[in-house]
Amino acid sequence: RSLFGRSKVWTILQCVLLLSVIAIHYHASFVEQSFLEQHRNLKDEKKDNNEPKNTLDKKFTEQVVKSKQEQSYEIIPLEKGSSLYKHMESIIHFPKDSKIEFRMKGNTRCERPFLMGRLSGKTLAMIDWKSKSQEIKRPNGEKIIKKTGTYNVPTSGQYFLEIIYIYCNTINDVTIHDDPRHKCVEIPLYHRLTALGASISVDPRNVHYSDGPLGYWESPSVSTPLYTRWQPQDCRGTHEEDERCKKYVTLRPFEKYQFRWNRDHRLFSSAHEHVPKLKDVITGGVDNYSRNCAHDGTPCKFCTVGASHSRRLFRYLEAIHVEGGGYFEFKFPTDVNATMAAKIMEICPHVILGFGQWSLAFQSMTPPVLFAKQMRQTLKLFLRKSSEKRVVHVRTVHTPPLGDVQSHCPTWDFRTPPIISRYNVYLQKVCDEMDVNFIDSKFITLPMWDS
């Protein structure tokens, strides 16, 4: 079995979000074969124990400070053990603008890397990177590639910063058709670009969270960074308990964080009282549900449609005594025909569709454009029977951690952050075009995407 089939933490919180959405709507009228050597020679950048070097280059350790009260910018130390180290120019933090700049030397093999950045401290926050890179030419003709990202945190203070890269070059709608099964995720052991312990300072004057998301992850005390969790090769079955495997898959650093709602809403403020019940469900087995209105003939109030993630969402809602829940199992959007869609709409006032995991997995590895086309056709079947009393919702596709199948080269699985990101972009676009409710839970799931 894989350690990375799904995240329990975000599934719990997503069900609370979906419960809130449904309730609001009622009141209103409602994620070695061993690693192949990946086109690079890393031998001179490895330690004897096969781990990245963590020695900091002196010229990157110094923080440039305009005054004690106000920093104009901070130079972030680079990870010398990263497979991209020789190609990096600098990482710079601009506190006043809540901005991070990642700069690379031009004419390298990775001019468009897909970056993921996370701040961990009192709260968690992801860096929102601009989709396009910017090219800068210096007077001497040297080319620099700059990628810019911003962050939004609810509290000031010191935050650890980790930036990793998933793909050497971002996969888009064109390149994904070139050779998708040969696109390789960068080796996780060497994908971190920031040095161990790298951090930034967030000044109280630069906190502007009033327009932020509905909630955030919070910890009472943090003394260590939250580093990306991933599964090495050959860490299944009898090898799961090997120290080399446990080191990278432990969930302990995540357990100190709890989710807090950002707005004072009666539905949101009461959400935490359900968490102990949900923990009992996990302990007792999430698939051992007792009631399903889709099969036992009782009146339905809502139905989840999809595979394992939708089944667990239904189970969690039942566990907190949300009555009238139903579940219909389909792995792919194309599995639903007109007769099935009509039946579901007939008995379920609210239908929550959740597809994507099987479409992305090794059995299919469906490109985002094709997935969007399939979802559009499936939604048409449900919308034939929609009305003010029969409503269709579509939820986001969850991002799982980097398991062994994702990081294998060539890849065995498309469930990686860049491709799931494209899935969600297309899902929202399709929902907007077809006037379908889109439930976006990324503000809950992304900061803990690897949990």
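The values are calculated or read from the model by the stated rules, or taken from the named source; none is laboratory data. Treat the numbers as computed from the prediction; the structure is a model and nothing was measured. Cβ placement follows ideal geometry from the backbone for every residue including glycine, while neighbour counts extend to all protein chains displayed. Accessible surface areas use protein heavy atoms only, side chains included; no ligands, DNA or RNA. Shrake-Rupley method; radii C 1.70, N 1.55, O 1.52, S 1.80 Å.
Of note:
- According to the calculation over all Cα-Cα pairs in segment 306-386, the P(r) per 5 Å bin from zero is 3, 15, 24, 23, 18, 11, 5, 1 %.
- Under the criterion of Cα pairs below 8 Å and six or more residues apart, the relative contact order for segment 300-377 equals 37 percent.
- Site pair residue 362 and residue 105 shows an inter-label distance of 3.7 nm when each label is modelled 7 Å from Cα along Cα→Cβ.
- Label-point gap, in nm, between residue 298 and residue 223 - each point 7 angstrom along Cα→Cβ: 4.9
- Between segment 291-312 and segment 96-141, the alpha-carbon center distance in angstrom: 43
- Using the Cβ-Cβ distance between residue 234 and residue 386 with R0 = 56 Å, the FRET efficiency computed as 1/(1 + (r/R0)^6) comes to roughly 0.70.
- At R0 = 35 Å, FRET efficiency that the Cβ-Cβ distance of residue 75 and residue 433 yields, to 0.05: 0.20
- Gained length - residue 143 relative to residue 412, 0.36 nm times residue gap less alpha-carbon distance: 93.3 nm
- The accessible area of residue 230, taken with all protein chains in place and a 1.4 Å probe, comes to roughly 20 Å².
- Projected label distance in nm at residue 329 and residue 260, using a 7 Å step from Cα toward the beta-carbon: 4.1
- Estimated FRET transfer efficiency when R0 is 56 angstrom, pair residue 90-residue 376 (beta carbons, to 0.05): 0.80
- Difference of contour (0.36 nm per residue) and Cα-Cα distance, residue 242 to residue 156: 27.1 nm
- Ordered by solvent-accessible area of protein heavy atoms (1.4 Å probe), largest first, the residues 89, 329 come out as 329, 89.
- Segment 321-358 and segment 393-448 have Cα centres separated by 19 Å.
- Compactness of segment 337-438 is given as radius of gyration and Dmax, 14.9, 49 Å, from Cα positions.
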